[in-house]
1. Determine, yes or no, whether Arg275 is modelled with pLDDT of 90 or more and in a helix (DSSP H, G or I).
2. Just a yes or no: is a residue in the range 210-220 in the same structural domain as Ile335 (by TED's automatic domain parsing) and either closer than 19 Å to Leu267 by Cα or under 28 Å from the mean Cα position of the chain (by Cα) (or both)?
3. For the range 177-230, what are the residues that are loosely packed, with under 14 Cβ neighbours inside 10 Å, within 29 Å of Pro135 (Cβ to Cβ) and touching a residue at least 40 places away in the same chain (Cβ under 8 Å)?
4. If you check Glu332, Glu338, Glu265, which single one turns out to be surrounded by 14 or more Cβ atoms within 10 Å (Cβ to Cβ), of a type outside the set (S, T, N, Q), over 20 Å from the mean Cα position of the chain (by Cα) and modelled with pLDDT of 85 or more?
5. Ala151: farther than 27 Å from Lys252 by Cβ, without any contact (Cβ under 8 Å) to a residue 40 or more places away in the chain and surrounded by 11 or more Cβ atoms within 10 Å (Cβ to Cβ), yes or no?
Amino acid sequence: MAKTFKRSYKFAFKSSIFITLILTLFVSVFLYVFYSLNILAIATFTLVCFLVSFLIIQFRVQQFIYKRVKKIYDDLTLLESSTFDRNKITTDMATLTQEIDKYARNKKIEIEALKIREQYRKEFIGNVSHELKTPLFMVQGYISTLIDGAAENETLREKYLKRADKGVERLIYIIKDLDMITKFEAGDLRLEVTTFDIVELVKNVFDLLEMKASKKKISLTFDMEYKRPIMVNGDKERIQQVLSNLIVNSIKYGEINGTTEVSIENLIKNKVIVRVTDNGEGIEKVHIPRLFERFYRVDKSGSRKEGGSGLGLAIVKHIIEAHQEKLYVESEYGIGSEFSFTLEKAK
């Protein structure tokens, strides 16, 4: 009873009792002095006085609270809060307090999220600016040098034009990757799901990256010999891009004479997990939660000696999420890293 009895009712109830006791005492003394006491009349008066007092006080309290609470609701609904509903205004203080506390918590979460997004936006704009500025200035520098007279020297002309061409290629690479991520986020890039052999696809990627790996004397290998094909469902071209990006990363940050190993394991009845493991420099734990952000680099020195667009892992994340699959990373600084993702097995 106490839990369901509204506080405004309690106030009206207690006030009515107080008023009824005073008036009943006054009427009883009056009747005793001037007339004779009539117990039935006194009881009837007490009951009527209590009911009338209770109804009047409750009505006035409800009106008083409603006007002020309605203003709170109106102010909050102007903020387009889904927590509050104009058609359900409560005058119960406990309920109102709970709703306002809930509203405040939701707003606090929204504000924190906005702060994080704002910080991310600033970092993203700064990173985009830096990534584009470096090749642009390089191309501008070589072209300006050629215009200033170096073009007459055949050796310098060929050398500078080749370097300028590399800078333009880097710009195109970055813009293409940005365009792909934007399309994934907007839902404009659709997957062409087919059934293919993931073992054969890994071998193709090994062949494509063999020269790159040989420069650092890194071995590209399977964890075992796969004699039978492992058929999976997915967008073959996009999964090849995922494998390429992960293996390229392992080569970039791998140790000389190191190894990049790919394994394919049954996870559950209709899933396989593909693991790309290296014995490179590894990643500190503090960086792991942000690895898949666009342009995020573990090396904060600003060095770009390893090249790349800085979007490889972000693209991997978007492709795997578009397949509605899971992406995992485990790494120990100084020992190596393992990136893995799931795929649906073909029936």
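1. Working: modelled with pLDDT of 90 or more: yes; in a helix (DSSP H, G or I): no.
So Arg275 fails the test.
2. First, the residues of the range 210-220 that are in the same structural domain as Ile335 (by TED's automatic domain parsing): 210-220.
Still in the running and either closer than 19 Å to Leu267 by Cα or under 28 Å from the mean Cα position of the chain (by Cα) (or both): none.
Scanning the range 210-220, I find no residue that is in the same structural domain as Ile335 (by TED's automatic domain parsing) and either closer than 19 Å to Leu267 by Cα or under 28 Å from the mean Cα position of the chain (by Cα) (or both), so the answer is no.
3. Glu185, Lys217
4. Numbers: Glu332 fails: surrounded by 14 or more Cβ atoms within 10 Å (Cβ to Cβ); Glu265 fails: surrounded by 14 or more Cβ atoms within 10 Å (Cβ to Cβ).
Every option except Glu338 fails the conditions.
5. Details: farther than 27 Å from Lys252 by Cβ: yes; without any contact (Cβ under 8 Å) to a residue 40 or more places away in the chain: yes; surrounded by 11 or more Cβ atoms within 10 Å (Cβ to Cβ): yes.
Taking the combined requirement at face value, the residue satisfies it.
Matching residues to (1) at pLDDT 85 or above; (2) out of contact with any Cys (no Cβ under 6 Å at 6 or more places or on another chain); (3) part of a helix (DSSP H, G or I); (4) farther than 16 Å from Met138 by Cβ:
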site	(1), (2), (3), (4)
Ala164	yes, yes, yes, no
Arg170	no, yes, yes, no
Asp177	no, yes, yes, yes
Met180	no, yes, yes, yes
Glu185	no, yes, yes, yes
Asp188	no, yes, no, yes
Thr194	yes, yes, no, yes
Leu201	yes, yes, yes, yes
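The values are calculated or read from the model by the stated rules, or taken from the named source; none is laboratory data. Fair warning: this is a prediction, and the values are worked out from it, not measured in the lab. Glycine also receives a Cβ, built like all others from the backbone with ideal geometry; neighbour counts cover every protein chain displayed.
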